[in-house]
Amino acid sequence: MEAQQVQRSEWRENGPLLLCSLIGLPASMVALYALGQFLGPLEQSFGWSRTEASIGLSIALVISFLMMPVIGRLVDRRNARWLILPGFVLTGVSLAAFSLATQSLGLWIALWCLHALGATLIGPAVWLAVIAAAFDKQRNMAIAVVLCGSGIASALGPASARYLIDLSGWRTAFVLLAVFWIVPAFLLACLFFFDRRLRNGAVSKAKTQASPPPANLRRTYFSANFIKLAVAVVASQTVLSAYMIHLAPALADKGFSLTHAASIAGLAGIAAIPGKIMIGYVFDRMGKTSVSVGIMTLVALACVLLALDSQSLAAAICATALLGVSAGAMMAFIACLSRDLFHASIFGTVYGAMTSLSALGGAMGPLAASVVHDQTGSYAFAFWIGVGVAAVSALLLSSLSPNTAPLEKA
């Protein structure tokens, strides 16, 4: 009974912070998930191939790959509020600035680079470092709830982009996306996002006492757990990001209309939400091996269904749902593993590194899928590759072992 009261108290005390984080997280991802709806208009306006239209996002994700470890270290040492607020401003301005694109690929890439700088400041590592410190008994569930924000972006991003493009054209659609997605999240952050680690000088103490010396960080980076998790993250996120970005175009290639394809693809984002919540609930109740094998089995099944040359609506919906559940579960699984396997004082650093590696996979995946489509005229081969990647990732994740060694202090 006492434990239940403590849990309810956590939810009550941190509810506004949790809501702010849940709404704020999608702002860093909406451009990524909406891009698939802009590929056709960009091809028609500028004569670009899908590879050319995707290259800006891929380069931006490489920038995120380089920046996220730095952001992770910053959030371990500084007040996260002063990363979040300017991050929203830069992200909103850059998203609206996509409307200024011309036939110049250089300008298109520069706009994506600007967006990447803002998006990393409001990325998952910043939100989760604060949430993980605010919660104790319900930490994994709180992490999972916040990560549902990415499900909101993937569920509503494609559909909202499609609606705005049809309503006002692709240029105005970029501006309206910034207004509808970024402005409300920024206002909520101004009102409710405060770094609870500041209580009793927690951040200051972390800087001076709990920050690991360089030797310990090197030991962490070269540990078996970190390397296995890193490889699994890159491999799985490469295929998952490719599928999520190209899902609507892939369904359109099967014969679905653009509107129906976007609606079906949006189901992946909806399905990602129960996937994340499921991980928050079962992480401490089931072994990591069972959870990792289960997630990767769902990925493999989705790949098989999408690779088949079928126009079945039922198969498309089933594959989309499986893909969404597995993508959502994997995101939450990585966050919970980062908090469980490594010392709490370097959560931002470790999870920042994992987010960086996810960005690397996200940079390679959509571009690789575009190349496969341009070369073969189909996404089928890309989906078959995913079956093998799922098997390898399952082996790596199931071999992770608890790390109970104490962190040395400087």
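The values are calculated or read from the model by the stated rules, or taken from the named source; none is laboratory data. What you are looking at is a predicted structure, and each value in this text was computed from that prediction instead of being measured. Methodologically, a virtual Cβ is constructed for each residue, glycine included, from the backbone with ideal geometry; neighbour enumeration extends over all protein chains shown.
Only one residue in Ser99, Ser94 is of a type in the set (Ser, Thr, Tyr), touching a Leu at 6+ places or on another chain (Cβ under 9 Å) and more than 26 Å from Ile131 (Cα to Cα), so which one is that?
Ser94
Just to be sure before I move on: is Arg81 over 18 Å from Val30 (Cα atoms), surrounded by fewer than 24 Cβ atoms within 10 Å (Cβ to Cβ) and either more than 17 Å from the chain's Cα centre (by Cα) or hydroxyl-bearing (Ser, Thr, Tyr) (or both) in the structure I sent?
On the way: over 18 Å from Val30 (Cα atoms): yes; surrounded by fewer than 24 Cβ atoms within 10 Å (Cβ to Cβ): yes; either more than 17 Å from the chain's Cα centre (by Cα) or hydroxyl-bearing (Ser, Thr, Tyr) (or both): yes.
Judged against the criteria, Arg81 is a match.
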Task: In segment 251-307, residue surrounded by the most Cβ atoms within 10 Å (Cβ to Cβ) [restricted to those that are basic (Lys, Arg) and part of a helix (DSSP H, G or I)] - done: Lys276
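Does segment 149-170 contain any residue that is of a type in the set (Lys, Arg), under 30 Å from Ser401 (Cα atoms) and at pLDDT 75 or above? Can you show your working first?
Applying the first criterion (of a type in the set (Lys, Arg)) to segment 149-170 yields 162.
Keeping just the survivors that are under 30 Å from Ser401 (Cα atoms) gives none.
No, there is no match, as no residue in segment 149-170 is of a type in the set (Lys, Arg), under 30 Å from Ser401 (Cα atoms) and at pLDDT 75 or above.
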Task: Answer from Val179, Val175 - the residue that is out of contact with any Phe, Trp or Tyr (no Cβ under 9 Å at 6 or more places or on another chain) and surrounded by fewer than 21 Cβ atoms within 10 Å (Cβ to Cβ) - done: Val179
- [ ] Tell me, please, whether a residue that is more than 27 Å from Ser257 (Cα to Cα), in contact (Cβ under 8 Å) with a residue 12 or more places away in the chain, out of contact with any Phe, Trp or Tyr (no Cβ under 9 Å at 6 or more places or on another chain) and in a helix (DSSP H, G or I) can be found in segment 148-165.
- [x] yes
TODO: Name the one entry in Phe174, Phe193 that is modelled with pLDDT of 95 or more and within 21 Å of the chain's Cα centre (by Cα).
DONE: Phe174
Task: Close pairs from segment 93-119: first hydroxyl-bearing (Ser, Thr, Tyr), partner part of a helix (DSSP H, G or I), Cβ under 6 Å, at least 6 apart - done: Ser94/Leu114; Ser94/His115; Ser94/Gly118; Ser99/Arg171; Ser99/Phe174; Ser99/Val175
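When you look at Leu42, is it crowded, with 17+ Cβ neighbours inside 10 Å and either more than 24 Å from Phe194 (Cβ to Cβ) or not β-branched (Val, Ile, Thr) (or both), yes or no?
On the way: crowded, with 17+ Cβ neighbours inside 10 Å: yes; either more than 24 Å from Phe194 (Cβ to Cβ) or not β-branched (Val, Ile, Thr) (or both): yes.
So Leu42 passes the test.
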Open item on the list: Please count how many residues of segment 130-146 are touching a Gly at 6+ places or on another chain (Cβ under 6 Å) and buried (at least 24 other Cβ atoms within 10 Å of the Cβ).
Closed with: 1
Task: Selected residue (only one of Ala315, Ala368, Ala353 is surrounded by 24 or more Cβ atoms within 10 Å (Cβ to Cβ) and hydrophobic (A, V, I, L, M, F, W, C)) - done: Ala353
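Within segment 4-23, is even one residue more than 16 Å from Gly149 (Cβ to Cβ), modelled with pLDDT of 90 or more and assigned to a helix (DSSP H, G or I)? It would help to see each step written out before you state the result.
Step one: of segment 4-23, the residues more than 16 Å from Gly149 (Cβ to Cβ) are 4-13.
Filter once more, keeping what is modelled with pLDDT of 90 or more: none.
Within segment 4-23, not a single residue is more than 16 Å from Gly149 (Cβ to Cβ), modelled with pLDDT of 90 or more and assigned to a helix (DSSP H, G or I).
Listed here are the residues, each with its yes/no results for (1) modelled with pLDDT under 90; (2) within 22 Å of Gly361 (Cβ to Cβ); (3) of a type in the set (A, V, I, L, M, F, W, C).
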{"site": "Gly287", "(1), (2), (3)": "yes, no, no"}
{"site": "Ser290", "(1), (2), (3)": "yes, no, no"}
{"site": "Met296", "(1), (2), (3)": "no, yes, yes"}
{"site": "Ala307", "(1), (2), (3)": "yes, yes, yes"}
{"site": "Leu323", "(1), (2), (3)": "yes, yes, yes"}
{"site": "Ala327", "(1), (2), (3)": "yes, yes, yes"}
{"site": "Met330", "(1), (2), (3)": "yes, yes, yes"}
